[in-house]
Amino acid sequence: MSRQNTFIIAEAGVNHNGSLKLAKQLVDVAVAAGADAVKFQTFQAEKVVSCFAPKAEYQCRTTGAGESQLEMVRKLELSAEQHAELVGYCRQKGIQFLSTPFDQESVDLLSCRFDLPLLKIPSGEITNGPLLLHIARTGKPVLLSTGMSALGEVETALSVLAFGYTRPEEEPSLAAFQAAYASAEGQQALQQKVTLLHCTTEYPAHFTDVNLRAMDTLRAAFGLPMGYSDHTPGIAVPVAAVARGATVIEKHFTLDRKLPGPDHRASLEPDELKQMVQAVRQVEQALGNGIKAPAPSEIKNMLVARRSLVASRAINKGEQFTLANLAVKRPGTGASPMLYWDCLGKRAVKNYLPDEQI
């Protein structure tokens, strides 16, 4: 069975630095690279981050420790009007607009006002039951990133989604979530609406922490489509993830890694993003249909590269074929060398010249 194209998401995230102009330039880069979608982040800073929240270690490295996480995030927020302009710009440029909502109002903005076909749940929200439930009750398909989580936490998140998709009027509770997850309709909803993304939540992520084999574990545990959200340097790991069966690839990109902001240094620059898309498409072609048979391009080489039974010296009519007078040489236009042993002891029905095919 031939595989479908991998859905490639160029993750602009907050690399616009709060500038609509930069955001549109990021859209242009994603289009030029050949990505399927460009994704941003939608949030109201005060609803997501408390004034006491510290920055992550990587955020301190990239933006300094002199401001709080809330102060940093405020500068990266896009208004509803800016979102509307971006959605229209993506439509004009022929690329799908996606965004990650971090609060319930942002979920409503993306799912109702803009009617996005797909929502992304980031790794940091996998334990945010109220947000998961609100997202599921929109009925929208989701990409669920699983960075920082253990298998049981992924199952719990899926149980909330199963409940939200299938039991819109029922009172939520852990027991109700578990019942929904165990039900046939809950499992069917997950199969139809959820793609899991393996992820390592570090910026940049170390290759030794990636653990791509966890994709196999997640696929075996939940039977859901698997993708990969990448934070490693370069393009090798997302390309490898496609070879391992990822149906979605998400990768951060920026106009310039030297720009100020928390995520630029762990992002691809425009030429690298284009190279990644091209490499993924090449891997898709190389994966093929799984049937072991000669490729059409190989057939013309079979007769040249394979061998035939030939006379290793002159053989007279009636003479027996022996180890001493039979050889195996190119081209492969004659009798197969697999018949070598069947020929031994039989008699020649004609005279053979040296190297003449038997």
Filtering segment 180-211 down to residues that are surrounded by fewer than 18 Cβ atoms within 10 Å (Cβ to Cβ) and among the aliphatic types (A, V, I, L, M) yields 182, 184
Looking at segment 46-58, I want the residues that are aliphatic (A, V, I, L, M) and have a partner that is surrounded by 11 or more Cβ atoms within 10 Å (Cβ to Cβ) and in a loop (DSSP other than H, G, I, E, B) with Cβ atoms under 6 Å, at least 6 apart or on another chain. Which pairs are those? 48/102; 48/103
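Residue-by-condition table, conditions (1) part of a loop (DSSP other than H, G, I, E, B); (2) out of contact with any Asp or Glu (no Cβ under 7 Å at 6 or more places or on another chain); (3) on the phi < 0 side of the Ramachandran plot; (4) at pLDDT below 95:
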position: 11; (1), (2), (3), (4): no, no, yes, no
position: 17; (1), (2), (3), (4): yes, yes, no, yes
position: 25; (1), (2), (3), (4): no, yes, yes, no
position: 52; (1), (2), (3), (4): yes, yes, yes, yes
position: 88; (1), (2), (3), (4): no, yes, yes, no
position: 110; (1), (2), (3), (4): no, yes, yes, no
Residue identified as free of Cβ contacts under 8 Å to residues at least 24 places away in the same chain, of a type in the set (A, V, I, L, M) and in a helix (DSSP H, G or I) among 157, 176: 176
Restricted to segment 121-156 and to residues being within 17 Å of residue 248 (Cβ to Cβ) and not β-branched (Val, Ile, Thr), the residue surrounded by the most Cβ atoms within 10 Å (Cβ to Cβ) is 144
Could you tell me how many of the residues in segment 206-231 are assigned to a loop (DSSP other than H, G, I, E, B) and either modelled with pLDDT under 95 or over 24 Å from residue 118 (Cβ atoms) (or both)? 4
Are any of the residues in segment 55-62 in the same structural domain as residue 139 (by TED's automatic domain parsing), buried (at least 20 other Cβ atoms within 10 Å of the Cβ) and in contact with a strand residue (DSSP E or B) (Cβ under 9 Å, 6 or more places away or on another chain)? no
Residue pairs meeting the criteria (Cβ under 7 Å; at least 6 apart or on separate chains; first farther than 14 Å from residue 110 by Cβ, in segment 70-91; second modelled with pLDDT under 95 and among the basic types (Lys, Arg)): 72/55
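The values are calculated or read from the model by the stated rules, or taken from the named source; none is laboratory data. Note that the structure is predicted; figures quoted are calculated from it, not measured. Cβ: placed from backbone, ideal geometry, glycine included. Neighbour counts: every protein chain shown.
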